[in-house]
Amino acid sequence: MNFENSDLYSRLLMSDSDLDSLEIVPLGGPEGVDEPFDLPDELPILPIRQTVLFPGMVIPVTVVRQKAIRLVKKIYRNSDVNQRIMGAVTQLRPNKEDPTAEDLHKVGTVAHILKMITLPDGNVTIIVQGRQRFKIKSIVREDPYITAQIEGMDDSFAYANRKESKALLNSLRDGAHRIMRLNPEIPQEARIALDNIESPVFLIHFLSSNINVEVGDKQKLLEEPNSHKQANLLLQYMMREIEMLELKREIQSKASSDIDQQQRDYFLRQQIKVLHDELGIDSPERDLDDLRINALGKKWPQSVQQHFDKEINKLQRINPMAPEYPVTLNYLEMMTDLPWSEYTKDNFDLVRAQKILDTDHFGLEKVKERIVEYLAVLKLKNNMKAPILCLYGPPGVGKTSLGKSIAKSLNRQYIRMALGGVHDEAEIRGHRKTYIGAMPGKIIQHIKKAGSSNPVFILDEIDKVSSDYRGDPASALLEVLDPEQNSSFTDNYLEVEYDLSRVLFVATANALDTIHPALRDRMEIIEMTGYTMEEKLQIAKKYLVPKQRKEHGLKANDVKIEDKALQKIIEGYTRESGVRNLEQKVGTVLRKIAKSIAMDQEYIKAIKENHIEKFLGGEIFDKDLYQDNDLAGVVTGLAWTSVGGEILFIETSLSRGKGGLTLSGQLGEVMKESAITALSYLKAHAERLGVDYRIFNHYDLHVHVPAGAVPKDGPSAGITMLTSMASIFTQRRVKPFIAMTGEITLRGKVLPVGGIKEKILAARRAGVKEIILCVKNRKDVEEVHADYIKDLSFHYVDTVDEVLAAALLPETVSNPMRFVFPEEKKEREESAGLTSVTVL
């Protein structure tokens, strides 16, 4: 029993003479029925912590929250003393500083404010008396304080079986006296007060208020509507307290050497628990209670429930001071924090999804069409067993933001997990929880953060996953991304299976060759090519400029960037497939405008093309324009880079020597092999092509690709190099405004290459009018939008002969090179001048 509240009230009563005039209404009449009380339909609610108010009891309550202080002062100022009432309801979680209606129990007690004392620190202490129990029917409002519609609860004690009821009440009195004898700290006044209580209802409430049990157990006593059941439950608590007091007395009576270690630890833990309760510190028992409460609402499988019960029972047996205790506690908190079988409702309105994709992204028609098809299949199948989408393309084309749009269209949570540089398998599967510092893998961590088991999960930069001695994360991802396996994904830390089958995984990658083959096999590759200049212009107008204007605190009428100015930024200051650098350049321009506005300086409101250099300086990149010439050996090729397509020029020259081959321009191994293959083909078919075979032995060949500081490699320069060599050997000029791409074989076959769309766009920007491609690349050209190829003509070839026929003009250059061989030296010395032999 704990009679501190009554004792504190007595001391307050003796120190303040104003309390003498207070009328404390007793409960219970001669028949044992409470005094009638006019209960209103609505009551303001005061949340209280760490205590339960029972009818008839007088306790002090310290009010520290401002909202509660305003409520108490407003009620206390009521001129009618009998109307100074409110509802006192215990909080579910005492640590919640600003409780709402959901944080309160549903049963409380009408509290009559007897006295209010304002403390020097601004807090308020009130003396309240409980009047009648009530049940909250509904919440009327929560501002400025919680007000509830209530209904009263019957507080009468019915003598159903008079002998049994009398025996029950006598047992309560005997138990209370026994507790008082065992606990010498209880004052004598409490014994006298107990003997003077006649009302059965007040006896039950008096003992319930002072019994030494948890607040939750006291709340159970308050909520029990049946008086007999309430008395029986109270008697159980009293018997338990009697056992504890007897054990305490037994322990104290023994010598230290005779005390059993387990009993001693148990007793000490009970004392620590009481101290924690008094100080408001979370005790281990409270941790266990919170875990059990959180576990009640989980819809996890039976196997997981059994595992949880086993672990929490183990935690209950562990000494809180042992190092294993926080490890097990953290593990169980992780289990209860995960959203087991908690799903957000999908919105499969495909028209809405299409609209969101079109609004968020300009262009990318094939990609958006494929995504809508993917969502349509999910809608019809109603499960996630479909290929994992992998958006593949250069940086800045919108791969990650497309995943965000998918989540938005489905009304799902959005998660992005960056895989770049991940090289530890434990980052995917987690650590064993027995290790120091163990934690779950990133998959489970992000699921916990999302709060639902069906988010849209973006696996960003999946091509940059690496492996070392700590394992292969790509192999660990195989189970995650396999629709047949991820329904039973097991994290090393979690130790139980977690269902990932409802998660919509979307991967992104910049390259495919570095992705694990088995991982790539589980994904459907959707290629996202770069944007054209026209698309970039529209993206800048519709998305980038408004976004950057908002981020820099500018309004729409503060500044306007004209189309020509945006076009100059795109062509002169960025060279990329995406729009990331373009956004940065636009931000640089608007930042300078923001600076001028902030400093009240004059600035340019309508930014034109000629203003760009003032903001960004001189152009960084030169335009790749076709350069017409009248020289043999100069050919325009098409190349693919990570930032889009480009044109390149291959130059070939001949000089007197011994048939050597020189390659320059930082060529990679593949391009060197293409040059050697082209030369070998020309040597083998020199006679048919009209090339004097003696040239190969007496002249050195030099092949150069300009911009020597830039490394170059790839298989698409084969026909370009062969055409350049054939042009210099035959002294025939290449057709103007023509470019080409393709690989060759020693048999003279032309092989298809990739990056056709980017190469076509680069040729169009440079002013090229004709393009030579492998016949097998025709399908790639047909996928390009008609507006981008309307000014171009294509030559589809299958052999080298077709390439030369389409690329070389029949006549020689205006000033052809003259080849002289050793056997003609004598004749040349006898003649007045040099005799030249022109090989056509």
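The values are calculated or read from the model by the stated rules, or taken from the named source; none is laboratory data. Computed from a prediction, not measured in an experiment: that's the story for all the values here. Counting neighbours? That spans all protein chains shown, and the Cβs are built from the backbone with ideal geometry, glycine included.
Structural remarks
- Restricting Gln601, Gln567 to those that are surrounded by 13 or more Cβ atoms within 10 Å (Cβ to Cβ), out of contact with any strand residue (DSSP E or B) (no Cβ under 9 Å at 6 or more places or on another chain) and polar (S, T, N, Q) reduces the list to Gln567.
- Each residue in the stretch 401-425 was checked for being among the small types (Gly, Ala, Ser) and in a strand (DSSP E or B), and 1 pass.
- Single unsatisfied condition, Lys683 versus (1) modelled with pLDDT of 90 or more; (2) assigned by TED's automatic domain parsing to the domain that holds Lys541; (3) not hydrophobic (A, V, I, L, M, F, W, C): (2)
- Exactly one residue out of Thr359, Thr344 is touching a Ser or Thr at 6+ places or on another chain (Cβ under 7 Å) and of a type in the set (Val, Ile, Thr): that is Thr344.
- For Lys542: the one exception among (1) touching a Phe, Trp or Tyr at 6+ places or on another chain (Cβ under 8 Å); (2) surrounded by 14 or more Cβ atoms within 10 Å (Cβ to Cβ): (2)
- Count - residues of the stretch 118-134 that are of a type in the set (D, E, K, R) and in contact (Cβ under 8 Å) with a residue 12 or more places away in the chain: 2
- One residue from Ile447, Ile428 being outside any loop (DSSP other than H, G, I, E, B), buried (at least 19 other Cβ atoms within 10 Å of the Cβ) and in contact with a strand residue (DSSP E or B) (Cβ under 8 Å, 6 or more places away or on another chain): Ile447
- Residue satisfying all of: in the stretch 495-505; aliphatic (A, V, I, L, M) and part of a loop (DSSP other than H, G, I, E, B); surrounded by the fewest Cβ atoms within 10 Å (Cβ to Cβ) among these: Val496
- Checking the stated criteria, Gln567 turns out to be outside the structural domain of Leu391 (by TED's automatic domain parsing) and assigned to a helix (DSSP H, G or I).
- The residue of the stretch 450-482 that is surrounded by the fewest Cβ atoms within 10 Å (Cβ to Cβ), among those that are closer than 27 Å to Asn411 by Cβ and among the polar types (S, T, N, Q), is Ser452.
- Being under 26 Å from the mean Cα position of the chain (by Cα) and of a type in the set (Asp, Glu) holds for only one residue in Glu527, Glu571, Glu576, Glu534, and it is Glu527.
- Within the span defined as the stretch 627-645, one or more residues are part of a strand (DSSP E or B), closer than 30 Å to Ile772 by Cβ, of a type in the set (Val, Ile, Thr) and at pLDDT below 85.
- Residue that is farthest from Met335 (Cα to Cα), among those in the stretch 527-536 that are of a type outside the set (Ser, Thr, Tyr) and crowded, with 20+ Cβ neighbours inside 10 Å: Lys536
- Test: residue in the stretch 539-550 that is more than 25 Å from Glu758 (Cβ to Cβ), of a type in the set (Ser, Thr, Tyr), assigned to a helix (DSSP H, G or I) and outside the structural domain of Val397 (by TED's automatic domain parsing): no
- Residue count for the stretch 376-400 under the criterion of being modelled with pLDDT of 85 or more, part of a helix (DSSP H, G or I) and touching a helix residue (DSSP H, G or I) at 6+ places or on another chain (Cβ under 9 Å): the result is 1.
- Thr508 assigned to a loop (DSSP other than H, G, I, E, B), farther than 29 Å from Leu332 by Cβ and not hydrophobic (A, V, I, L, M, F, W, C): no
- Inter-residue pairs, beta-carbon under 6 Å, first touching a residue at least 12 places away in the same chain (Cβ under 8 Å) and in a helix (DSSP H, G or I) and in the stretch 143-169, second crowded, with 18+ Cβ neighbours inside 10 Å and of a type outside the set (Ser, Thr, Tyr), 6+ apart: Leu168/Ala231; Leu169/Pro200
- Any hit, the stretch 514-532, residues being of a type in the set (A, V, I, L, M, F, W, C) and assigned to a helix (DSSP H, G or I): yes
- For the stretch 170-181, the set of residues classified as surrounded by fewer than 18 Cβ atoms within 10 Å (Cβ to Cβ) and in contact (Cβ under 8 Å) with a residue 40 or more places away in the chain consists of Ser171, Arg178, listed by residue number.
- Note on the stretch 39-94: residues that are assigned to a loop (DSSP other than H, G, I, E, B), within 20 Å of Asn123 (Cβ to Cβ) and of a type outside the set (A, V, I, L, M) total 7.
- Qualifying residue in the stretch 339-351 (condition: of a type in the set (Asp, Glu), closer than 30 Å to Leu494 by Cα and outside any helix (DSSP H, G or I)): yes
- So Gly645, is it on the phi > 0 side of the Ramachandran plot, in contact (Cβ under 8 Å) with a residue 40 or more places away in the chain, in the same structural domain as Phe729 (by TED's automatic domain parsing) and in contact with a helix residue (DSSP H, G or I) (Cβ under 6 Å, 6 or more places away or on another chain): no
- Here Gly441, Gly430, Gly393, Gly421 are screened, and the one residue that is in contact (Cβ under 8 Å) with a residue 24 or more places away in the chain, of a type outside the set (Lys, Arg) and under 26 Å from Glu534 (Cα atoms) is Gly393.
- Lys137 satisfies every condition listed in (1) in contact (Cβ under 8 Å) with a residue 12 or more places away in the chain; (2) part of a loop (DSSP other than H, G, I, E, B); (3) surrounded by fewer than 14 Cβ atoms within 10 Å (Cβ to Cβ) except (2).
- A single entry from Leu364, Leu338 fulfils the requirement of being under 24 Å from Arg502 (Cα atoms) and either in contact with a Leu (Cβ under 6 Å, 6 or more places away or on another chain) or of a type in the set (A, V, I, L, M, F, W, C) (or both): Leu338.
- The listed residue being assigned to a helix (DSSP H, G or I), surrounded by 19 or more Cβ atoms within 10 Å (Cβ to Cβ) and either of a type in the set (Val, Ile, Thr) or in the same structural domain as Val797 (by TED's automatic domain parsing) (or both), out of Ile771, Ile760: Ile760
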